[in-house]
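Encoded as structure tokens, the structure appears first; notes follow it.
Every number here is computed from the coordinates shown, using simple stated rules; none is lab data. Predicted model, so just to flag it, every value in this text is computed and none were measured. Cβ placement follows ideal geometry from the backbone for every residue including glycine, while neighbour counts extend to all protein chains displayed.
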Amino acid sequence: MTTAAVSVNSKRVAIVIAAYNEGSVIADVVRDALRLFPLIVVVDDGSPDDTGAAALLGGAVVLRHPINLGQGAALQTGIEYALGQDVDFVVTFDADGQHRPEDVQKMLGTLAANGKQVALGSRFLGETVGMPASRRWLLKAATVFTRITTGLRVTDAHNGLRTFRRDAAQAITIRQNRMAHASEILEEIGRKKLTYCEVPVTIRYTDYSKAKGQSGLGAFNILIDLLVARIRK
Amino acid sequence: MIKIFLSLLGLIVIAYGAREWRNSRLVSLLLVVCSLAAGVLVWFPAWSDQLAHLAGVGRGADMILYCYSAISFLMILNLGLKQRDLHQSTTRLARYIAITTPRLPKGDSSGK
């Protein structure tokens, strides 16, 4: 599919970044994204370090949770703030430097061309740089689980790079405060019958991002969170 | 006397279970069913022996103990779910504070 011909006004896009203890890298991540998009919203999730100050210095709008709530809660806060601004698209973007702003442009172009509501980044359709084998297997297992529970034919269930058209961002509510939000977003897409596509993206693993990433125990916690949410219903 | 006391306790748990219907139907239903079963076994202990025998537990007293364990587990689960609700309220409050007090980069006056 050719997407280069269809462009989106970058001023109508909000990049939402949830950040906790990312003081050492967040300013660079914000500056990198600002090259292409003028509105970067960093949600400082109650970090004890200088994440908020660094993000502000980098040029982002900073929202701060008074206490640490989790990545899912921070993303929902950022999305709600972004929807209060004059934007047509909301993008979720990781704080640890794994994502490339150029991929966001590609996703926006794809949505503009195919008219779908959500573009999900997929590292397995695209590229990974320095991904450990254990992480690959963990993510593959999570994808199989998500395909079974949501019915969505995705290839990468836990990719933080997602682009929502405004109506899709309004339709989705993240209630899972912690890491189970990634599965919850896909469940919401399926339940609300939002149209979606996957876009190949590049994920760059660094020593820093690998240290911050999910462990096997984290995957177990996600399963428990999803199970408890189902009991509650 | 002990039967009446246990039955009263069972009724309290049933009332509690009925009240929880709005929050979690699964927990509510299991609380009521387990309490009713326990109440029946208190008043008709001979049945408990028969049931225990059918279930392969051995003694009726053990069966009642298992019912008690099941109710305790459900109550703990329910407390966990309540704690989750409380956490969601905290989240809404923290979100409100965050959204209404954005810090804008220098030279930007577009935020609300």
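Values as computed for the structure displayed
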read-out: Three semi-axes of the equivalent ellipsoid, chain B, Cα gyration tensor, whole Å, largest first; value: 50, 13, 9
read-out: Cα-based radius of gyration of the protein assembly as shown once divided by 2.2 N^0.38 Å, which approximates compact folds; value: 1.23
read-out: Trypsin sites (Lys or Arg not before Pro) restricted to DSSP loop in segment A:1-90 with at most 14 other C-beta within 10 Å; value: A:ARG35
read-out: A:LEU36 long-range amide H proximity, modeled H, under 5 Å; value: none
read-out: Mean separation of Cα contacts under 8 Å, 6 or more apart, over the residue count of segment B:1-62: relative contact order %; value: 25
read-out: Residues B:THR90 and A:SER24, FRET efficiency given R0 of 35 Å [Cβ-Cβ distance, rounded to 0.05]; value: 0.80
read-out: Amide H partners (placed H, <5 Å) of A:THR128, local residues excluded; value: A:ILE203
read-out: Distance-filtered residues of segment B:39-55 - backbone nitrogen under 17 Å, label point 7 angstrom along B:LEU8 Cα→Cβ; value: B:39, B:43
read-out: Karplus (6.51, -1.76, 1.60) ³J(HN,Hα), θ = phi - 60°, over segment A:39-48, in Hz, Gly and Pro reported as x; value: 10, 10, 10, 9, 9, 7, 7, x, 5, x
read-out: Inter-label distance, nm, simple model (7 Å from Cα along the C-beta direction), A:LYS192/A:THR173; value: 1.1
read-out: Contact order relative to length of segment A:24-101, as percent, for alpha carbon pairs under 8 angstrom and 6 or more apart; value: 35
read-out: Average Cα contact separation per residue, chain A, under 8 Å, 6 or more apart, as relative contact order %; value: 23
read-out: Cut-off under 5 Å, modelled amide H: who pairs with A:GLY23 long-range; value: A:ASP50, A:THR51
read-out: Size of charge dipole - chain B - debye, nearest 20, with Cβ of Lys, Arg +1 and Asp, Glu -1, no other charges; value: 740
read-out: Inter-centroid distance (Cα atoms) of segment B:30-47 relative to segment A:132-210, Å; value: 46
